[in-house]
Amino acid sequence: MTWDARQLAQQTGRTFVITGANSGIGLETARDLVGRGAHVVLAVRDVAKGEAARAAIGGRGGSSVVELDLADLDSVATAAKTISAEHDSLHALVCNAGVMGGPYLLTAQGLERQMATNHLGHAALVTALWPLLHSTGGRVVTVSSIAARGGRLTAQTTRDELVEPGSSYDGKAVYASTKQANLLFAQELHRRAGKAGSPVSSIAVHPGVSDTNLFARQLSDGGRRLLAPLSRLVTKVALQSASAGAQPTLRALHHSTPSGAFVGPKGLNQMRGRPELLDVYASGKDPAVAARLWELTEDVLGAPLPV
Ligand SMILES: NC(=O)c1ccc[n+]([C@@H]2O[C@H](COP(=O)([O-])OP(=O)(O)OC[C@H]3O[C@@H](n4cnc5c(N)ncnc54)[C@H](OP(=O)(O)O)[C@@H]3O)[C@@H](O)[C@H]2O)c1
């Protein structure tokens, strides 16, 4: 059957956490869910932007804003504590926030910024919110990318290669590896949760190529701020909308999407179209690479992942 977001129907009484929900795909996902009566926690690094997004999406079920900087593991821990104190159920955690490219920067914990934000911060958040997810039988939806196809993580990747790639830094290649990490993590979480008999589902998605702030932000972060307005214009005309980009995430939230699935559009080399169930890319499929990433992630976080 062709997927249509109307299949999600009413979501009253259900709670969702969406990282990066003030912009782009996260904002459109939040808008849809709030419109269906859900309560959505907008987990954002800039509370003022989160409040503006909250005002913009309105909705019956309501929403709230929690400060979360995924590039700072202390902030992740504080945000998870706040969410756990304020909610007694969590139907889904959408690991959506992301950065693309920019210069070589290290976070407060000395970790490469893109890997810290896109993968490690999310892995820490999933771990901290696991008790709530487990007791609710919730879903973890992880937003990957077509770029994951070009990721360079292998079963031999070292800790330094993952978090401190150093002088020969290639921001584009690192972004691809962070999105490969998203896919590997989602798959490994699915396998481990299944083995442990956990009721939590893990699904990966990719949004095709969509009109969001990601591309203009990449230019600004890379010191080419003057090109950002032009980029915004081009993406608006050439790419599918952010709302279309949110459809794979919405499909992943539906109970008919099984744990372990990978959802994204198929049209134009997967750049646009309706959300379909896809084959996992070769780069995200190998359990040995996933196990290595899992082990390195636990080492960097200094704590076991949830299952
Ligand atoms: N757009 C596409 O075509 C495309 C394609 C493939 C994959 N994706 C993936 O889709 C996801 C959403 O991106 P988007 O396209 O919607 O871009 P976007 O409009 O730039 O949204 C990115 C969101 O991530 C947040 N964020 C960045 N760093 C953060 C941090 N350290 N802590 C917490 N939040 C942080 C941003 O917050 P601020 O607004 O405060 O910066 C923003 O809310 C990303 O994972 C991206 O890799 C997008």
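The values are calculated or read from the model by the stated rules, or taken from the named source; none is laboratory data. Given the structure is predicted, the values throughout are model-derived calculations rather than measurements. Reconstructed Cβ throughout: ideal geometry from the backbone, glycine too, with neighbour counts over all protein chains shown.
Only one of Pro265, Pro248, Pro258 is at pLDDT 95 or above and surrounded by fewer than 17 Cβ atoms within 10 Å (Cβ to Cβ). Can you tell me which?
Pro258
Name every residue in the stretch 150-193 that is among the β-branched types (Val, Ile, Thr) and not in a helix (DSSP H, G or I), in order of residue number.
Thr154, Thr157, Thr158
What residue, among those in the stretch 104-148 that are outside any helix (DSSP H, G or I), of a type in the set (Gly, Ala, Ser) and over 14 Å from the mean Cα position of the chain (by Cα), is surrounded by the fewest Cβ atoms within 10 Å (Cβ to Cβ)?
The selected residue is Gly110.
All but one of (1) under 26 Å from Gly267 (Cβ atoms); (2) surrounded by fewer than 24 Cβ atoms within 10 Å (Cβ to Cβ); (3) modelled with pLDDT of 95 or more hold for Ser198, so report the exception by its number.
The single condition Ser198 does not satisfy is (1).
What residue, of Leu226, Leu219, Leu253, Leu230, is buried (at least 19 other Cβ atoms within 10 Å of the Cβ) and without any contact (Cβ under 8 Å) to a residue 24 or more places away in the chain?
After ruling out the rest, the residue left standing is Leu219.
Residue by residue through the stretch 168-178, note down the ones that are of a type outside the set (D, E, K, R) and either in contact (Cβ under 8 Å) with a residue 40 or more places away in the chain or crowded, with 24+ Cβ neighbours inside 10 Å (or both).
Tyr169, Gly171, Val174, Tyr175, Ser177, Thr178
Test Pro131 against the criterion of being touching a helix residue (DSSP H, G or I) at 6+ places or on another chain (Cβ under 8 Å) and either away from the ligand (no atom under 16 Å from the Cβ) or on the phi > 0 side of the Ramachandran plot (or both), and give yes or no.
Criteria met by Pro131.
Assess whether Ala181 counts as being under 25 Å from Tyr104 (Cβ atoms), among the aliphatic types (A, V, I, L, M) and surrounded by 18 or more Cβ atoms within 10 Å (Cβ to Cβ).
The answer is yes for Ala181.
Using the structure shown, decide if Ala108 is in contact (Cβ under 8 Å) with a residue 12 or more places away in the chain and away from the ligand (no atom under 14 Å from the Cβ).
Judged against the criteria, Ala108 is not a match.
Every residue in the stretch 29-59 that is within 8 Å of the ligand (Cβ to nearest atom), surrounded by fewer than 24 Cβ atoms within 10 Å (Cβ to Cβ) and within 18 Å of Ala242 (Cα to Cα), please.
Result: Lys49, single match.
So, in the stretch 214-252, how many residues would count as being more than 12 Å from the ligand (Cβ to nearest atom) and closer than 20 Å to Ala21 by Cβ?
The total comes to 4.
Could you please find all residues in the stretch 166-193 being under 19 Å from His91 (Cβ atoms) and more than 13 Å from the ligand (Cβ to nearest atom)?
Once the filter is applied, which keeps residues that are under 19 Å from His91 (Cβ atoms) and more than 13 Å from the ligand (Cβ to nearest atom), the stretch 166-193 yields Leu189, His190, Ala193.
Looking only at the stretch 76-101, how many residues end up being surrounded by 19 or more Cβ atoms within 10 Å (Cβ to Cβ) and more than 20 Å from Gln11 (Cα to Cα)?
7
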